[in-house]
Amino acid sequence: MQADLVIRNVVLNGEPGDLIVQQGRIEEFVPGGTESVQGKEEFDGQGFFLWPSLIDVHVHLREPGFEYKEDINSGLKAAIAGGFGQVMAMANTNPVNDSASVTEFMLEQARKFHPHGPFLHPIGALTRGLAGKELSPMAELARAGCRAFSNDGLPVENNELFRRAVEYSSDLGLKVIDHCEDVSLSEGGLMNEGEISSYLGLKGIPVVAESLQVARDILMAAYLDTPIHLAHISCRQSVELIAWAKQKSIPITAETCPHYLVWDESRVQGYNTLAKVNPPLRTRDDVLALQQAVREKVIDVLATDHAPHAEFEKDVPFGEAPNGISGLDTALSLCFGLVVDGVLDNDDLIRLFVSAPSEIFDLEANTFQKGDVADFFLFAPEAEWEVRPEAMFSRGKNTPALGQKLRGRVMAHFLRGRLVFERAI
């Protein structure tokens, strides 16, 4: 037998063997390997682990309008090197992605620079201009290729408008992703409200600014019996509300981000603008609550909330720096550190980064079953690397991980059975 592609000498779920790919689809994984199948192309996996390509449901790629921070080309380069085969890009561009022309431009840029992936799925603006005053042309955006709707960064405070948005989005077969923040409580805040904010003399953002809006969305989802997805959950109080909602079978799903699982508000000490993010890094207790929530499936998804900025934008006094952490390059390694520490296991990461995002947003994913799309990467679990600006593919180097040594690295990445990235050894 001759296959299109054979990946030799790899490990899947602890079993060494060979992976056979036909016409961009998984044909078979053969434990122990096979000599009876030859590939038109063959690749030596060098004993690396096979992982399905990850899905990131929350990124900011900045194009159009803010290409000095990131563009679609550089953002997708960071995605593929970080293990992500699909990304969902938020609408806070300039112009805002509230028209078919912007959606189509984003998709064309992705196809132009990365014709074989990673694959971009735009998220349309929930309201025109993200202004929270009137609904965007949601049907037009859906036809153009948007896979969800969100006002991320500028939450919709008008409950009646938000209700109509959720209903209309559901009619189109798509979901609303809500940034849960009561801006009357968070306005002017720079970090988590607590002892450290008092010590540093910085105005804080209380957890209730998030959890009040989480409660609003839960009650709305229950009343409408319509799914709502909650973005970047950061605190214990929100987790407890989501757990209650799930016990009541309310159709709520939720995500958190690697930075809320590995860092707490102490990272802001010294007025470290690289740790300035919204929602802010919270207390150690909140970190522990979120770690438990992802283990116990209260939180469904991990997303990077990749928010790249130019170096000069973060190299300013703390109050003047923009919020955001660049995450695509480092997310997998940061989370694999939790596996090394016994907090999570590999199956947790695959559920959080692959199967749950695929199910919630109706995206095709690989489970290494016959016929699955052949989107996968080779992962070196023992590889150590230092997070340096030159080691990152994103234009945004704004991460508290700078200078940190991480474990686990993507060595090669295949999409639809085609090699799209290989790291020099």
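In the range 361-399, of all residues being outside any strand (DSSP E or B) and among the aliphatic types (A, V, I, L, M), the one that is nearest to residue 47 (Cα to Cα) corresponds to 374. Annotation: residue 377 fulfils all but one of (1) open to solvent by less than 10 Å² (accessible area, probe 1.4 Å); (2) touching a helix residue (DSSP H, G or I) at 6+ places or on another chain (Cβ under 7 Å); (3) of a type in the set (Phe, Trp, Tyr); the unmet one is (2).
Please specify each residue of the range 410-425 satisfying the condition of being in contact with a His (Cβ under 9 Å, 6 or more places away or on another chain) and either open to solvent by less than 30 Å² (accessible area, probe 1.4 Å) or hydroxyl-bearing (Ser, Thr, Tyr) (or both). Result: 415, 421.
Across the range 384-409, the qualifying residues are those that are open to solvent by 30 Å² or more (accessible area, probe 1.4 Å) and not basic (Lys, Arg), and the one among them that is farthest from residue 55 (Cα to Cα) is 403.
State which residue is surrounded by the fewest Cβ atoms within 10 Å (Cβ to Cβ) when the search covers only the range 71-91 and only residues that are among the aliphatic types (A, V, I, L, M) and more than 17 Å from residue 391 (Cβ to Cβ). The qualifying residue surrounded by the fewest Cβ atoms within 10 Å (Cβ to Cβ) is 88.
Per-residue answers, yes or no, for (1) touching a residue at least 40 places away in the same chain (Cβ under 8 Å); (2) in contact with a Cys (Cβ under 8 Å, 6 or more places away or on another chain):
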{"position": "179", "(1), (2)": "yes, no"}
{"position": "193", "(1), (2)": "no, no"}
{"position": "197", "(1), (2)": "yes, no"}
{"position": "202", "(1), (2)": "yes, no"}
{"position": "207", "(1), (2)": "yes, yes"}
{"position": "211", "(1), (2)": "no, yes"}
{"position": "218", "(1), (2)": "no, no"}
{"position": "221", "(1), (2)": "yes, no"}
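Would you mind stating whether residue 419 is over 29 Å from residue 277 (Cα atoms) and touching a strand residue (DSSP E or B) at 6+ places or on another chain (Cβ under 7 Å)? It is true that residue 419 is over 29 Å from residue 277 (Cα atoms) and touching a strand residue (DSSP E or B) at 6+ places or on another chain (Cβ under 7 Å). Selection of helices (runs of 4 or more DSSP H) fully inside the range 282-354 by the criterion of at least 2 residues being open to solvent by 30 Å² or more (accessible area, probe 1.4 Å), out of contact with any Asp or Glu (no Cβ under 7 Å at 6 or more places or on another chain) and at pLDDT 95 or above returns 284-295, 311-314, 346-350. Within the option set 153, 173, being open to solvent by 30 Å² or more (accessible area, probe 1.4 Å), in a loop (DSSP other than H, G, I, E, B) and closer than 18 Å to residue 362 by Cα holds for one residue only, 173.
Quick check on residue 371: is it at positive phi, open to solvent by 20 Å² or more (accessible area, probe 1.4 Å) and at pLDDT 95 or above? For residue 371, the condition - at positive phi, open to solvent by 20 Å² or more (accessible area, probe 1.4 Å) and at pLDDT 95 or above - is met.
The values are calculated or read from the model by the stated rules, or taken from the named source; none is laboratory data. For clarity, every value in this text was computed on a predicted model and none was experimentally measured. Every residue, glycine as well, gets a Cβ built from its backbone with ideal geometry; the counts of neighbours run over all protein chains shown. Surface accessibility is based on the protein's heavy atoms, side chains included, excluding ligands, DNA and RNA. Shrake-Rupley method; radii C 1.70, N 1.55, O 1.52, S 1.80 Å.
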